[in-house]
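In what follows, a single structure is set out as structure tokens and then discussed.
Laboratory data are not the source of any read-out in this text; all were calculated from the coordinates shown. Owing to the predicted nature of the structure, the values given are computational and were not obtained by experimental measurement. When we count neighbours, we look across all protein chains shown, and the Cβ atoms used for this are built from the backbone with ideal geometry, even at glycine.
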Number of protein chains: 2
Amino acid sequence: MSKAPITIKDIAKALKLSHSTISRALKDSYQIGEETKKRVKAYAKAHNYHPNLMAQSLKNQKTRSIGVILSSVSKVFFAEVITGIESVASAKDYHVIITQSMENFEKEKNNLDQLTWRSIDGLLVSISAQTTDFSQFKSIQESGTPIVFFDRITHELETHTVIADNYQGAFDLTKHLIDQGFKRIAHITSSEEIFTTKARLAGYTDALKLAGIPFDQDLIRYCEQGGVDTKEVENQLSTLLSLDNPPDAVFAASDLISLSSFDYLQQKGINIPDELAFAGFSNFSAPQLFNPGLTTVKQPAFEMGKQAMELLLELVESKRPVSSFKHVSIPTELQIRKSTKGRS
Amino acid sequence: MSKAPITIKDIAKALKLSHSTISRALKDSYQIGEETKKRVKAYAKAHNYHPNLMAQSLKNQKTRSIGVILSSVSKVFFAEVITGIESVASAKDYHVIITQSMENFEKEKNNLDQLTWRSIDGLLVSISAQTTDFSQFKSIQESGTPIVFFDRITHELETHTVIADNYQGAFDLTKHLIDQGFKRIAHITSSEEIFTTKARLAGYTDALKLAGIPFDQDLIRYCEQGGVDTKEVENQLSTLLSLDNPPDAVFAASDLISLSSFDYLQQKGINIPDELAFAGFSNFSAPQLFNPGLTTVKQPAFEMGKQAMELLLELVESKRPVSSFKHVSIPTELQIRKSTKGRS
DNA sequence: CTGAAAGCGCTTACAG
DNA sequence: CTGAAAGCGCTTACAG
């Protein structure tokens, strides 16, 4: 194992050519003769030549690195998203710098600063729950770094976006509950502001409308922390249960909410689904563990990461400014289990 | 927002100094007068100067990037490890390139190649289950890139290692089962070869010995895939259950094994803990979801990532070769739930 | 078709 | 205490 990797200079010396010629031959420049190209490439391969990325970056003003901001890698959903992102990145020789906002606006801003001065070529973002001001993203975009939003997106910037079809997922889930005979369907969801919350609420509302079931604002409960705080979920649940006309089913917007809810309901001795049916959005690795098994809407996390990265690299590698943007929405998958079994 | 970031040259021009002086002032060189330093730093700060990392890397032959190889980010354990690694990295301005081996030797080798020619400054590895040949790691180390192993380690290379105290964790868990009155304790574990498997088996064995319970090889069941394949786990369980003298408790080595087992046992209508007690190593986010709640040994994942990264950076930043290596073992935590309740 | 030269933004031995 | 110069490994306009 040689300590110093082989460089263009070394090849030039060995082959008695100038280093410009080597450089061009390696990139298949039309200016170089076929014979020469072959010799150079063969030598490079034989000696396991790899270009020095730092030198290339310095020259090209491109780092081949992509920044990612998401709330937390510990969430199964995001772990799967990352795998999708990496699958594209490694195929195209980019590397990915992951940062976590922990749903915190200040942290998100710090991550952004960090990533910026590391001079990334592009940025992938799922916006934190706290974020209402998008000016930092705008200035990054204006300074020439393309951004693609996924999952938690905004339309305040013009760019590609990739989401799960939250609307359809919520619609399907609500319709399933209605089909099972439930009439008072509550919705415990995350912060009112975020994009996914709005889309899910719309799907829920439309499914009710279609079935002629009246919408009741009392049945919509927001958790500002998105369920990170167990107490928050318990409060919303207990409010629901003490309504004059309590719900017969609950549609939860996330795993965290479902987890806390199951604990609480079990504690209170409330039987699922006989006293209260329950279902939720989830990328939990083992929804069958819930007792009874949890009916879920599964988000296409890997696929989202993959497509978001592909769209970002389109922007990064595009020769000229892009002005027409795609808004991808990927279907979700309804998985029916015992927690929503109707009384029939 | 200026498109082009400010450089040393810009500062030099503005302050009518040479760029050598700026460079030195910014790094607090003793050669530069206090007054000058102050002026330069103030200007740099005011204009939000950040050094161009590519240029620095090229000059210093250091990239400030650290490679990580682990089996899969989708495992909660590794997601937490990553958070620990990142916490150190971001504080010290390193960035982390994560790669996944998926327990596959070939993939691990590819990741290694990729990382190598990206010229990382150091490497953090949790070895894949398939790996028995460590020559690639050795040559990387010999070529000057420090490596630290964590979780799945080897002693074939001389370097720092960081593990959870698997021995003690297994010992504690086994002792707990014995204390609860169980006498035939089976152990369903991962591939026989890997380090963690051996350590856990040793803890298990010693706890039995101490209690005067005879060791029975029939009660030790290996899953080559580590439980990725549900069938594998079911086979081992059914073998155990059909023994002439079947176990009264099971100690599982991982979440995956516990998950598949619970499904299988529930299917077979076997009551936990009355017919069979169950406990396992786990970093599952919600062990209380198991029905009944699962007694677990929790691994200090965040802490492991943090300490491994700290030790690696010690090696990376050390001026001279290090020859004395630390072997850190971090305590695990036994969390007792209903799945191991004794009959008393 | 090939080469000499300049330059990306920094660091650092060498001079003064 | 400060500056001019060389060089890290590459790319690419300019010549020939």
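Between B:Gly33, B:Gly67, B:Gly122, the residue with the greatest mean-square fluctuation in the GNM of chain B (Cα pairs under 10 Å linked by springs) is B:Gly33.
Quarter the surface of the alpha carbon convex hull of chain A and you get the mean projected area, 22.0 square nanometres. Position B:Leu243: other-copy label points at 5.3 nm, ordered by increasing distance, label point 7 Å along Cα→C-beta.
Only the Cβ atoms of Lys and Arg (+1) and of Asp and Glu (-1) were treated as charged; on that basis the dipole of chain B about its Cα centre amounts to roughly 2160 debye.
Compute the Kirkwood hydrodynamic radius of the range B:191-344, taking the inverse of the mean of 1/r over all pairs of distinct Cα atoms, and give it in Å to one decimal.
So the Kirkwood estimate lands at 17.5 Å.
Each label point was placed 7 Å from the Cα along the Cα-to-Cβ direction; for A:Lys92 and B:Thr230 their separation is 3.6 nm. Measuring r between the beta carbons of A:Phe325 and B:Gln335 and using R0 = 30 Å, the FRET efficiency lands at 0.05. Computed over neighbours whose Cβ is under 11 Å from that of B:Lys75, the net charge equals -4, Lys and Arg +1, Asp and Glu -1.
Of all DSSP beta bridges located in the protein assembly as shown, what percent are antiparallel, nearest 5?
Details: 6 of 73 bridges.
If I count the DSSP bridges inside the protein assembly as shown, around 10 percent turn out antiparallel.
Considering only A:Tyr49, A:Tyr222, A:Tyr264, give the residue with the highest GNM mean-square fluctuation for chain A, with springs between Cα atoms whenever their separation is below 10 Å. Of A:Tyr49, A:Tyr222, A:Tyr264, the most mobile in the Gaussian network model is A:Tyr49. The HN-Hα couplings worked out from phi for the range B:73-87 by the Karplus form 6.51 cos²θ - 1.76 cosθ + 1.60 (θ = phi - 60°) are 6, 6, 7, 3, 3, 6, 4, 6, 4, 4, 4, x, 4, 4, 4 Hz, whole numbers, x standing for Gly and Pro. Sorted from shortest to longest, the distances between the A:His47 label points of this copy and the other copies are 4.1 nm, with each point 7 Å from Cα along the line through the beta carbon. Cα centroids of the range A:294-334 and the range B:237-269: 41 Å apart. For chain A, modelled as a GNM whose springs connect Cα atoms under 10 angstrom apart, the maximal fluctuation among A:Ile270, A:Ile140, A:Ile66 occurs at A:Ile270.
Going by a ≥ b ≥ c, the root eigenvalues of the Cα gyration tensor, does the range B:94-220 fall in the rounded group (a/c under 1.5), the prolate group (a/b larger than b/c) or the oblate group?
Working: a/c = 3.08, a/b = 2.65, b/c = 1.17.
Here the range B:94-220 falls in the prolate category.
The modelled label-to-label distance between A:Lys16 and A:Glu275, using points 7 Å beyond Cα along the C-beta direction, is 9.2 nm.
Rg to Rh ratio, the range A:1-113, alpha-carbon atoms and Kirkwood radius?
Numbers: Rg = 19.9 Å, Rh = 17.1 Å.
That ratio is 1.16, to two decimals.
Annotation for A:Asn291, label-to-label distances across the other copies: 0.6 nm (shortest first, one decimal, point 7 Å from Cα along Cα→Cβ). Remark: relative contact order (chain B) = 18 percent; criterion is Cα-Cα distance under 8 angstrom and separation of 6 or more residues. Indicate the gyration tensor shape class of the protein assembly as shown (rounded, prolate or oblate), computed on the Cα atoms with a ≥ b ≥ c the square roots of the eigenvalues: a/c under 1.5 is rounded; otherwise a/b larger than b/c is prolate and the rest oblate. Oblate shape, in that a/c is at least 1.5 and b/c is the bigger or equal ratio. Evaluated at q = 0.14, 0.21 Å⁻¹, the base-10 log of the normalised Debye intensity for the range A:265-344, with identical point scatterers placed on the Cα atoms, takes the values -0.62, -0.94. Across the range A:255-301, the volume of the C-alpha convex hull divided among the residues equals 62 Å³ per residue.
The C-alpha radius of gyration of the range A:8-51, expressed as a fraction of 2.2 N^0.38 Å, stands at 0.97. Shielding of B:52-61 by partners, i.e. mean partner chain Cβ atoms within 10 Å per residue? Going residue by residue through B:52-61 and averaging, the value is 5. Residues whose amide H lies under 5 Å from that of B:Val250, counting only those 5 or more places away or on a different chain, are B:Ala186, B:Ala277, B:Phe278, B:Ala279; hydrogens are built 1.01 Å from N in the peptide plane.
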